[in-house]
Structures are given as structure tokens and as C-alpha cells.
Amino acid sequence: MERLRLRGCDMTDEGCSALTSALKSNPSHLRELDLSENKLGDSGFENISNLLMNPQCKLEILALCKCSIKEKQCVFLTSALKSNPSHLRELDLSGNVLKHTRVNKFYDILKDSRFKLEGLRLRYCAIKAEDCSTLTSALKSMSSHLRELALSGNEIGQLGATNLSDLLMNPQCKLEKLDLCRCSITEKQCLILTSALKSNPSHLRELNISVNQLGDSGVENLGVLLGSSQCKLDKLHLCGCRITEKHCFILTSDLCSNLSHLRELDLSGNKIENKGVQILCDILNNSHCKLERLSLNDCGITDVACLAQSLAETKVLLFLKELDLSNNKIGDSKQQLMDVLQDSNCELNLEKEHLLSWRAGVNYIGSFGGWLTSWSKAQEDPVESTEQEKVTVR
């Protein structure tokens, strides 16, 4: 057995003890272990640690999301990883409170030269600016290995943004996926981060900075990054960033100068409106456009005639697989768009009006590991869920 996923199974520390005892008898084949959303307790973590310390254990992926990790349990875990660090490649501790002393204990293992982690997910871990500084300092020692960093739902602050930028500017940094959704990033911090990415853009493939206040200068600087010939970004998520028609013009102009790599663009939850859609059509009209997914959920759009025309007159439908226009009060032009898509392989999503808000789904957007906990924000945006009208046009 190479993969064992027991997420949310109401497992107790006794159950974890029985499980790890069984795994210890033959640990050499196991490559992935997911025990997220279980109350493992002290003895459970101690038994997991004993498994990890086994020299025959060659685990590559470990997920312990929302396991209510306490300080003592953090000690067990970090001690185990220190003793046998060479095989682990992905670690997901999202949804656990990791701050201050717990953070310092955990970050110490990242400095170990034997530790060659490629993916680190710490979404909604109550990480603050000073903790982010400690984290990025540790990550600098392993920047040549790290390919994915997910820090969604943490308030990184000015100090965190500055330290993270230092990591991104490191010539050895080869990060491919960066998730900073809902990190309370301000316009000034966005400038710092995008400036860092501009200095070392060639490796980055996915960027999620949704639900942050980018501001005019932040969007402009992001546009410069996107327009760079060295930038090879293929997935960009900018949901709920207060992007307007003016910002659409900036982004479209820069994207059109370097469009051949982009495959997914998500601008949901922004005031794009009809004029913004007309501007975005320049992307679709560009001969280099190979966009596969375009999301404009809840963007105040009422007319998609220009969008239908662009899709009809270009080759973009050879590539486009999904078009999300949910939560927009689209009028008669909706039928025109459906007619254009009739013989294509593009899936058109049109939720009924006043349905589930895009905010409820933003925690899944850019989820690099297939899961993103929403525990710290779920109660802030109560939404009403009703039946969805999902129109698939073939």
C-alpha cells in the first residue's frame, strides 16, 4: 500500500495508535499519509512520530490538516522529522494554530540540509508577520528545492511581505506555485511582492492573490510582471481584489504582450461589468490566446454579446474548456452565447441569480493540494445555498 487517506474519519488517539502499529510492521512502501481532520491526541502524535522515525519509513507526502496540533504534539512531530528527513517532499499542516514557540520548533527542521521539501502548505495557521519572518528565514536554506508555498488566510503584514520578497528574489528560488489568498495584503505590500517576482519570474506557474487589496499601483506592478517575456505564468487568481474596468485595461494590455502561457484566469467577485468584459475580449481576440478556463463569477455583467462575438470569430474555442459566468444578471445575450458554444467542448456555468456567493468557493480556488481549510473565515460570509443551474453546452 502506497497511499492511505483517512481524512475526517473521527479517528481518536486509540485508533491512531492501532493504525500506526500496523503501519510500523511494514513501512517501506507507504508514500502518502493523510490523517487530516482527526483528533489524534498526544498518544496519536507520538505514534505517528515513531512511524516517521523508523529508518525504513520512506513517506513522501504527509497531511495533518485541522488536527488541533498542540505544543507537545509539535515537539513529537518535529523531532521525528529531524531524525528521518530525507524522503518527505510535501507537508500540509493547514488549519492548525502554528505560532510563536510552535512555529520556531517546526521551522528549525526546515533549516536542515537533509530536508528537501518541495511543497509546504500552511493555510489558515494564524501565522502573523513575525512568524512569517521566521518562516522565510528558514525557507531560504531550502529555496532551491521548494516548488510550492501556500500561506492563504494568514496575516503576513509588512514585515512578512518584505521577508517573503527576499525569498522570492533569491536567484536559487525556483518556486512554481504561490498561494497568498486572503493574507490581508495591502497596496504597498503588493508592490513589494510583485517587484520581487519581477526580479525572478521565470519559474512561477501559479499565482493566487485573491481577496487582497491590491490598489492601482499594485495592479500596475502586477501587469508589468505579467507582460515580462520571462514570465511564464499559466494560472492567475485575482478573485475579490476590487478590480475595476480601469484595472482590466491595465491587465489586458500587459497580458496581450505575453499571452502564450496563460491557461486559467479567474477574476470572480470584482466589478468588471460590461465595459470590463469588452476590454477582456482583447485577450480572446489575441492570436496567442490559449486560455482554457475563464471565471467571471459575480462580476456585475449583464451583456455578453461582445464575448459571444469574440468566441465566434476566433480560434479560442479550440482551447477553452470552461467559462464561468455564475451570479451575473445576464439578459437576452445569454442565448447568443449559448448558441456560439453549442458545438464546442466548452462548459458554460450560469447559476441562477442571487445564488451561492463566489466568496463561499474562494477557499477552493488555487488549492494546489486539492484542499483548503476555511475554518478561520467561514463564519464571516454566511451565504444562502439553493439549487444551481449548470448549463453544459455541447
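The values are calculated or read from the model by the stated rules, or taken from the named source; none is laboratory data. Keep in mind that what you see is a predicted model, and the values were worked out from it rather than measured. No Cβ is skipped: glycine too gets one built from the backbone with ideal geometry, and neighbour counts run over all protein chains shown.
Below, the figures for the structure above:
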{"read-out": "Top-ranked residue in the range 35-46 [being without any contact (Cβ under 8 Å) to a residue 40 or more places away in the chain and in contact with a Phe, Trp or Tyr (Cβ under 9 Å, 6 or more places away or on another chain); ranked as farthest from residue 117 (Cα to Cα)]", "value": "42"}
{"read-out": "Selection count, the range 83-97, where residues are more than 22 Å from residue 147 (Cβ to Cβ) and either in contact with an Asp or Glu (Cβ under 8 Å, 6 or more places away or on another chain) or of a type in the set (A, V, I, L, M, F, W, C) (or both)", "value": "1"}
{"read-out": "Given (1) closer than 17 Å to residue 6 by Cβ; (2) among the β-branched types (Val, Ile, Thr); (3) at pLDDT below 90, number of the condition residue 61 does not satisfy", "value": "(3)"}
{"read-out": "Any hit, the range 112-121, residues being assigned to a helix (DSSP H, G or I), within 24 Å of the chain's Cα centre (by Cα), crowded, with 20+ Cβ neighbours inside 10 Å and not acidic (Asp, Glu)", "value": "no"}
{"read-out": "The lone exception for residue 76 - which of (1) surrounded by 20 or more Cβ atoms within 10 Å (Cβ to Cβ); (2) within 23 Å of residue 160 (Cα to Cα) it fails", "value": "(2)"}
{"read-out": "In the range 76-111, the residues that are in contact (Cβ under 8 Å) with a residue 60 or more places away in the chain and either part of a loop (DSSP other than H, G, I, E, B) or small (Gly, Ala, Ser) (or both)", "value": "94, 95"}
{"read-out": "Within the range 178-225, considering residues that are surrounded by 21 or more Cβ atoms within 10 Å (Cβ to Cβ) and touching a strand residue (DSSP E or B) at 6+ places or on another chain (Cβ under 6 Å), the one farthest from residue 125 (Cα to Cα)", "value": "207"}
{"read-out": "So residue 273, is it closer than 22 Å to residue 190 by Cα, surrounded by fewer than 23 Cβ atoms within 10 Å (Cβ to Cβ), modelled with pLDDT of 95 or more and of a type in the set (D, E, K, R)", "value": "no"}
{"read-out": "Residues of the range 334-354 satisfying the condition of being more than 16 Å from residue 299 (Cα to Cα), in contact (Cβ under 8 Å) with a residue 24 or more places away in the chain and assigned to a helix (DSSP H, G or I)", "value": "336, 337, 338, 339, 340, 341"}
{"read-out": "So residue 68, is it surrounded by fewer than 21 Cβ atoms within 10 Å (Cβ to Cβ) and either over 27 Å from the mean Cα position of the chain (by Cα) or more than 21 Å from residue 150 (Cα to Cα) (or both)", "value": "no"}
{"read-out": "Out of 310, 287, 295, sole residue that is among the hydroxyl-bearing types (Ser, Thr, Tyr) and either under 22 Å from residue 204 (Cβ atoms) or in contact with a strand residue (DSSP E or B) (Cβ under 6 Å, 6 or more places away or on another chain) (or both)", "value": "295"}
{"read-out": "All positions within the range 141-174 that are surrounded by fewer than 21 Cβ atoms within 10 Å (Cβ to Cβ), part of a loop (DSSP other than H, G, I, E, B) and small (Gly, Ala, Ser)", "value": "143, 144"}
{"read-out": "Failed criterion for residue 55 (all others in (1) free of Cβ contacts under 8 Å to residues at least 60 places away in the same chain; (2) closer than 21 Å to residue 98 by Cβ; (3) not in a helix (DSSP H, G or I) hold)", "value": "(2)"}
{"read-out": "Those residues of the range 13-28 which are surrounded by fewer than 16 Cβ atoms within 10 Å (Cβ to Cβ) and outside any helix (DSSP H, G or I), in sequence order", "value": "25, 26, 28"}
{"read-out": "Among residues of the range 65-83, those that are within 20 Å of residue 32 (Cβ to Cβ) and either modelled with pLDDT under 85 or among the charged types (D, E, K, R) (or both), counted", "value": "1"}
{"read-out": "Options 119, 160: the member that is in contact with a Ser or Thr (Cβ under 9 Å, 6 or more places away or on another chain), at pLDDT 85 or above and among the small types (Gly, Ala, Ser)", "value": "160"}
{"read-out": "Test for residue 136: is it β-branched (Val, Ile, Thr), surrounded by fewer than 20 Cβ atoms within 10 Å (Cβ to Cβ), modelled with pLDDT under 90 and more than 18 Å from residue 20 (Cβ to Cβ)", "value": "no"}
{"read-out": "Residues within the range 252-268 that are at pLDDT below 95, closer than 17 Å to residue 218 by Cβ and of a type outside the set (Ser, Thr, Tyr), tallied", "value": "2"}
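Matching residues to (1) part of a loop (DSSP other than H, G, I, E, B); (2) in contact with a Lys or Arg (Cβ under 9 Å, 6 or more places away or on another chain); (3) acidic (Asp, Glu):
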residue: 11; (1), (2), (3): yes, yes, no
residue: 30; (1), (2), (3): yes, yes, no
residue: 42; (1), (2), (3): no, yes, yes
residue: 74; (1), (2), (3): no, yes, no
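This table checks each residue for (1) of a type in the set (Ser, Thr, Tyr); (2) under 22 Å from residue 95 (Cβ atoms).
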| position | (1), (2) |
| --- | --- |
| 116 | no, no |
| 122 | no, yes |
| 132 | no, yes |
| 136 | yes, yes |
| 139 | no, yes |
| 145 | no, no |
| 149 | no, yes |
| 153 | no, yes |
| 164 | no, yes |
